[in-house]
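J.: Pasting a structure below so you can have a look.
The values are calculated or read from the model by the stated rules, or taken from the named source; none is laboratory data. All figures in this text were calculated on a predicted structure; none of them were measured in a lab. Ideal geometry is used to build each Cβ from the backbone, glycine not excepted, and the neighbour counts take in all protein chains shown. Note: areas computed on protein heavy atoms with side chains; ligands, DNA, RNA excluded. Shrake-Rupley method; radii C 1.70, N 1.55, O 1.52, S 1.80 Å.
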Amino acid sequence: MSAPARRRRRLAENVTAYGLLSAALVVFALFSWFPIVRGVVLSFQQVNFVDDPEWVGLANFELLFSDPLFAVAWRNTLLFTGLALVFGFAIPFLAAVLLNELRHARAYFRLVVYLPVMLPPVVTALLWKWFFDPGPGLFNEGLRAAGLSGSAWLDSSDTAMLSLVLVSTWANMGSTTLIYLAALQTIPGDLYEAAELDGAGIWRRLWHVTVPQTRFVLLVLLLLQVVATMQVFTEPFVMTGGGPDDSTVTVLLLLYRYAFVYNDFGSASALSLLLFIALGVFSAAYVRLTRRSAE
């Protein structure tokens, strides 16, 4: 084949490849990049989608910083994220370790662990809202049957946030558990056998073999969990509405109020931009630190 023919064939292959890729790029641009750019623009405008937008500069950000709920929402969101890391990061890992040790009915227990993920989030929130009902709720009925006094659960600012974290952990641990389980099954059995010959118990094997061998998966899922829990919305919106006493108002719930209660889409976009920047800076710093520690 001559050189011009090879060039024409290579060009035809490239055109076909870029043509197939362009469709995905267009869809991604329309439904991902454009909303991001549009949100940045809206954050500097006064917008209600009725009147013409008006450029207001940093007025939306000044309004946010002067709102007492702004600091409350960030504090509650960080509290939710911290509690979710305590429960939602450790429990799925331990569940995966237990599933990995099973010799019988492993597939059945995998299904049981993953079932909550298959429920719609709103259905899960409504189900647990009934569980937490201070009157005829399942948990308080169980406590009374055991001769104990019931709890206010969602109606108390002391327990409302913890209750939401438990719901979120139960609803989302299935996917994380299966990812951990897949990582555990890649660990060579020779390492555990060598550790047992050295007299290592189950906890030492877990700490010195399992954790180092799954370090990469643990670090990635930790980052993803922080990003996801900082955007918590469904549980506080459906179960508490931000109460009691604004103890469960999160950043996304406050954003929802600005957009659909106050009809101030400019301030809502400004808040979303602040959250985007915060998560972007955290992610970049986290990746850099973990990469440096790995080197």
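J.: Give me a count of the residues in segment 123-142 that are closer than 15 Å to Val165 by Cα, open to solvent by 60 Å² or more (accessible area, probe 1.4 Å) and of a type in the set (Val, Ile, Thr).
T.: Number satisfying all stated conditions: 0.
J.: Something else about it: From the list Val97, Val112, Val72, Val56, which one is touching a residue at least 12 places away in the same chain (Cβ under 8 Å), open to solvent by less than 70 Å² (accessible area, probe 1.4 Å), farther than 30 Å from Ala259 by Cα and hydrophobic (A, V, I, L, M, F, W, C)?
T.: None of the others qualify; the one that does is Val97.
J.: Looking at this structure, is Ala12 aliphatic (A, V, I, L, M), free of Cβ contacts under 8 Å to residues at least 12 places away in the same chain and assigned to a helix (DSSP H, G or I)?
T.: So Ala12 passes the test.
J.: Out of Leu78, Leu11, report the one residue that is at pLDDT 90 or above and either open to solvent by 90 Å² or more (accessible area, probe 1.4 Å) or out of contact with any helix residue (DSSP H, G or I) (no Cβ under 9 Å at 6 or more places or on another chain) (or both).
T.: Leu78
J.: Testing Phe28 on (1) aromatic (Phe, Trp, Tyr); (2) surrounded by 11 or more Cβ atoms within 10 Å (Cβ to Cβ); (3) touching a residue at least 12 places away in the same chain (Cβ under 8 Å), one condition comes back false. Which one is that?
T.: Condition not satisfied by Phe28: (3).
J.: In segment 100-109, is there at least one residue being touching a Pro at 6+ places or on another chain (Cβ under 9 Å) and either without any contact (Cβ under 8 Å) to a residue 60 or more places away in the chain or part of a helix (DSSP H, G or I) (or both)?
T.: no
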